[in-house]
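This is the structure, below, for whatever I ask next.
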Amino acid sequence: MSEKSFIDYIKIYCRSGNGGAGAVHFHREKFIAKGGPDGGDGGKGGDIILQGDHQRWTFLHLKYQKHHRADQGRPGGSNRLTGADGKSIVINVPIGTVVKDEKGQVLFEITQDGQKEVLFKGGQGGQGNWHFRSATHQAPRHAQPGVEGVEGWITLELKVLADVGLIGFPNAGKSTLLSMLTAAKPKIAGYAFTTLTPHLGIVPYRNKYSFVMADIPGLIEGSAQGKGLGHRFLRHIERNTVLLFMISADDAAPKRVYEILLHELREYNPDILHKQQLLVISKADLLDDASKKRFEKELLIGQPYIFISSFTKQGLEKLKDELWKMIHTSIFL
């Protein structure tokens, strides 16, 4: 998925339909001089509905269609005939969509495929004059107008849903690891910010299980203040069950790198650090036994870690075992 086709933030205008007006009508029939009131009710206006769609990963389909208006309810008719309801509009959005109003307040979140949430309800249809008849008022000449629909600008934000989120500086080896464990084909090259969009892949496990892994674009120092890719992708980390920190074996100061990553997450949202965490030292094929010991001594962080190499596949099976255990431990926490 290219950067241009990945849209994870968008504003759209929505308006639900007005309710139809109730009818003012009197019964007309041969040989009946003064028929009673028989004005029908107006139909209900159409709703604006958001629905989760697991086949969508972006808001690209909404980029060129930012205005959504549901149909109006039809007015009531004679003989107590109720007007037709306005047709509702269903807007499909990716799983992990956060919906906010114009003030930035969260209205709801879409977290499941097929989940439907009514964003704006259509206006109720007005009552016809048949409802206003009484013993002392036998010929009411008034009916209710339909209730107006609701309108406004809505913000949609996407937070990628994944079991495991890969976190690290650019060129930490995240894209390579994802490509080795899954069928995903992220762009891999030897320069900073190779990954400009999150990539997801399905990791097969023991031939009958699987879990979802996401390669989150690389962080840099100052990301929480908007530097680099900033907040644009930090929010995707909030939805991951397990945080997989990656530090490259060729980093000169691995402990400093790890501390920076933790600091950026803490500055953005301290609650993120309550998630289960695993540290991986990538490119371990560059280290001999003595170098690994020096690396371990320098870290001294009290955090579980695994040496891996996507090139030689060292530690990959152990990594999958540990992630599977952590994912299912988190489910029951």
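List the pairs whose first member sits in segment 304-317 and is at positive phi, whose second member is of a type in the set (A, V, I, L, M, F, W, C) and open to solvent by 60 Å² or more (accessible area, probe 1.4 Å), and whose Cβ atoms are under 9 Å apart, counting only residues at least 6 apart or on separate chains?
Hits for this filter: Lys313/Met180.
Please specify each residue of segment 40-57 satisfying the condition of being out of contact with any strand residue (DSSP E or B) (no Cβ under 8 Å at 6 or more places or on another chain) and over 21 Å from His67 (Cβ atoms).
Answer for segment 40-57, where residues must be out of contact with any strand residue (DSSP E or B) (no Cβ under 8 Å at 6 or more places or on another chain) and over 21 Å from His67 (Cβ atoms): Gly40, Asp41, Gly42, Gly43, Lys44, His54, Gln55.
As an exercise: evaluate Gly39 against (1) modelled with pLDDT of 95 or more; (2) crowded, with 24+ Cβ neighbours inside 10 Å; (3) touching a His at 6+ places or on another chain (Cβ under 9 Å) and give the number of the one condition it does not meet.
Here Gly39 meets the rest and fails (1).
Could you check, for segment 97-115, whether at least one of its residues is crowded, with 21+ Cβ neighbours inside 10 Å, under 23 Å from Ala23 (Cβ atoms) and under 28 Å from the mean Cα position of the chain (by Cα)?
No, because not a single residue in segment 97-115 is crowded, with 21+ Cβ neighbours inside 10 Å, under 23 Å from Ala23 (Cβ atoms) and under 28 Å from the mean Cα position of the chain (by Cα).
A further question follows. Which one is surrounded by the most Cβ atoms within 10 Å (Cβ to Cβ), of the residues in segment 78-96 that are at pLDDT 95 or above, in contact with a strand residue (DSSP E or B) (Cβ under 9 Å, 6 or more places away or on another chain) and over 30 Å from Ala214 (Cα atoms)?
Of everything passing the filter in segment 78-96, Ile89 is surrounded by the most Cβ atoms within 10 Å (Cβ to Cβ).
Condition first: open to solvent by less than 40 Å² (accessible area, probe 1.4 Å), closer than 30 Å to Val118 by Cα and in contact with a Lys or Arg (Cβ under 8 Å, 6 or more places away or on another chain). Now tell me which residues in segment 13-36 satisfy that.
Tyr13, Cys14, Ser16, Gly17, Gly19, Gly20
OK, next. Within segment 245-333, which helices (runs of 4 or more DSSP H) (wholly inside it) include 1 or more residues that are open to solvent by 70 Å² or more (accessible area, probe 1.4 Å) and over 21 Å from Val212 (Cβ atoms)?
254-268, 289-299
Inside segment 194-230, can you point out the residues that are at pLDDT below 80, of a type outside the set (A, V, I, L, M), surrounded by 14 or more Cβ atoms within 10 Å (Cβ to Cβ) and more than 21 Å from Pro94 (Cα to Cα)?
Step one: list which residues in segment 194-230 are at pLDDT below 80, which gives 194-200, 216-230.
Remaining after also requiring of a type outside the set (A, V, I, L, M): 194-195, 197-199, 217-218, 221-223, 225-228, 230.
Remaining after also requiring surrounded by 14 or more Cβ atoms within 10 Å (Cβ to Cβ): 194-195, 197-199, 217-218, 221-223, 228, 230.
If the condition is that a residue be at pLDDT below 80, of a type outside the set (A, V, I, L, M), surrounded by 14 or more Cβ atoms within 10 Å (Cβ to Cβ) and more than 21 Å from Pro94 (Cα to Cα), then Thr194, Gly218, Glu221, Gly222, Ser223, Gly228, Gly230 are the ones that fit.
Could you please find all residues in segment 50-77 being surrounded by fewer than 20 Cβ atoms within 10 Å (Cβ to Cβ), touching a residue at least 60 places away in the same chain (Cβ under 8 Å) and not in a loop (DSSP other than H, G, I, E, B)?
The answer is Gln51, Leu62.
The values are calculated or read from the model by the stated rules, or taken from the named source; none is laboratory data. Keep in mind it's a predicted model, so treat the numbers as computed, not measured. Note that we place each Cβ from the backbone using ideal geometry, even for glycine, and neighbour counts take in every protein chain shown. Heads up: the accessible areas ignore ligands, DNA and RNA and are worked out on the full protein's heavy atoms, side chains in. Shrake-Rupley method; radii C 1.70, N 1.55, O 1.52, S 1.80 Å.
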